[in-house]
1. Report, in whole Å, the centroid distance computed from the Cα atoms of the range 18-60 and the range 200-264.
2. Mind ordering 219-225, 128-134 by average Cβ neighbours within 10 Å, highest first?
3. Could you list W104, W153 so that the one with the fewest beta carbons within 10 Å of its beta carbon is first and the one with the most is last?
4. Going by alpha carbons, how many degrees (0 to 90, nearest 10) lie between the helix axis of 33-43 and the longest principal axis of the chain?
5. Return one number: the angle in degrees, 0 to 90 and rounded to the nearest 10, between the long axis of the Cα atoms of helix 217-231 and the longest principal axis of the Cα atoms of the chain.
6. At 0.36 nm per residue, and after removing the present C-alpha to C-alpha distance, how many nm does the segment from K240 to H115 gain when stretched out fully?
7. Could you order the peptides 229-240, 253-264 from most to least packed, using the average number of other C-beta atoms within 10 Å per residue?
8. Roughly how many debye, to the nearest 20, is the charge dipole of the range 179-300 about its Cα centre, given +1 on each Lys and Arg Cβ, -1 on each Asp and Glu Cβ, and no other charges?
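FYI, it's all coordinate maths here, none of it is from the lab. The structure displayed is predicted, hence computed values, not measured ones. Neighbour counts are summed over all protein chains in view; Cβ atoms, including those assigned to glycine, are modelled from backbone coordinates with ideal geometry.
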Amino acid sequence: MSSENSVEALPDIKLPMEVFLDTSIHLARLRGDDWEAKVDGELAKFGFKGTGSYVKLEYGNQILTQAKYYLKELKRRGSLEKLADHINNNLIPTLSDHRRKSLWFFNLLRRHFNHPDDTERAVSSLRVLLHHGTAAVNDICDDVHDGGIGCNWATQDGPKWTNPYVSPGTKANCSLGQFFDEHRELFLKIKVAIDDLPDPPPKTRSRQSLESPWKTEQLSGFADLIGLACEDPTLLRKCKTCACLADAIIAVQSDGYKSMFTMDIGESTVLCRVLRQLHILLRNDLDAPIEYHDYRVPSP
Ligand SMILES: [Zn+2]
């Protein structure tokens with residue numbers, strides 16, 4: 001219903017050969033056949049598709065953890081309807097964990113509703129998802145770039161049906177500090193770009209704009225942590241800390257790629273500017289065309 005509405009690249013935008021997929025794109029493919037077709041249609045325009053080991057970590061951490069939870073709860077509650085009832089009514093709506101659970105319940109399991117054997121279908125689709133594990137990330141990409149990030153959480157691997165990315169743990173001895181040192185200049189460029197942004201308007205409910213981005217809370221967090229890590233890279237020894245830099249680490253892993261495919265606006269606009277990438281934006285609306293915002297040439 002949507003693909004015929006997707007616009008092609010504008011004539012004056014020349015797509016590069018390669019594209020880097022951030023976590024949101026891998027997640028979007030799980031939202032049903034229409035989303036998968038839309039993403040894959042875009043990916044078909046590129047000769048080389050890459051992603052990052054930190055993206056794979058996020059996929060495992062966000063999706064496989066949710067899938068495991070729903071599978072356990074489906075078995076416990078006995079039907080998809082009862083699980084939906086639990087998610088909607090029993091969990092505390094103000095908790096961000098509830099929002100995440102509702103969202104992914106909706107994204108992963110909604111397609112099975114109104115089907116006579118909806119519960120069996122839901123169980124089987126979750127099992128398939130868990131069976132593929134993080135291999136799903138490798139399957140659609142030519143390369144999962146690591147670049148020696150040294151993060152113990154991101155570089156651990158196990159059999160494809162396991163998910164070693166559930167939690168950063170407290171004892172994880174992260175060696176991201178060395179990667180940070182090697183790419184200090186780029187991390188600093190990211191910090192400077194963030195520091196140059198205006199603060200968001202007070203009490204604003206409006207969304208970050210592509211044309212004149214402001215400092216989101218997450219961006220401020222990156223800038224602060226990069227500043228602190230420059231003084232003392234040992235700060236990054238815990239994966240709970242490195243996780244706070246996630247999008248910045250992914251951006252640095254994408255260095256060299258001329259395009260970034262993402263659903264994100266708030267942080268990506270700024271990161272793509274620093275990395276001089278074509279920002280390929282998948283809006284959270286199946287009928288909206290995919291957008292191209294070109295930062296490959298710096299603005300004067
Ligand atoms: Zn780490």
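1. Computed from Cα coordinates, the inter-centre distance equals 20 Å.
2. Numbers: 219-225: 19.7, 128-134: 17.3.
Taking the mean over residues of other Cβ atoms within 10 Å, the ranking is 219-225, 128-134.
3. On the way: W104 21, W153 25.
Ascending number of Cβ neighbours within 10 Å: W104, W153.
4. Once rounded, one gets 30 degrees.
5. Approximately 50 degrees, to the nearest ten.
6. Numbers: separation 125, 0.36 × 125 = 45.00 nm, distance 4.12 nm.
Extra length available between K240 and H115 comes to 40.9 nm.
7. Values: 229-240: 15.8, 253-264: 21.8.
Highest to lowest by the protection proxy: 253-264, 229-240.
8. Details: 15 positive and 19 negative charges, 21 e Å.
Dipole magnitude for the range 179-300 comes out near 100 debye.
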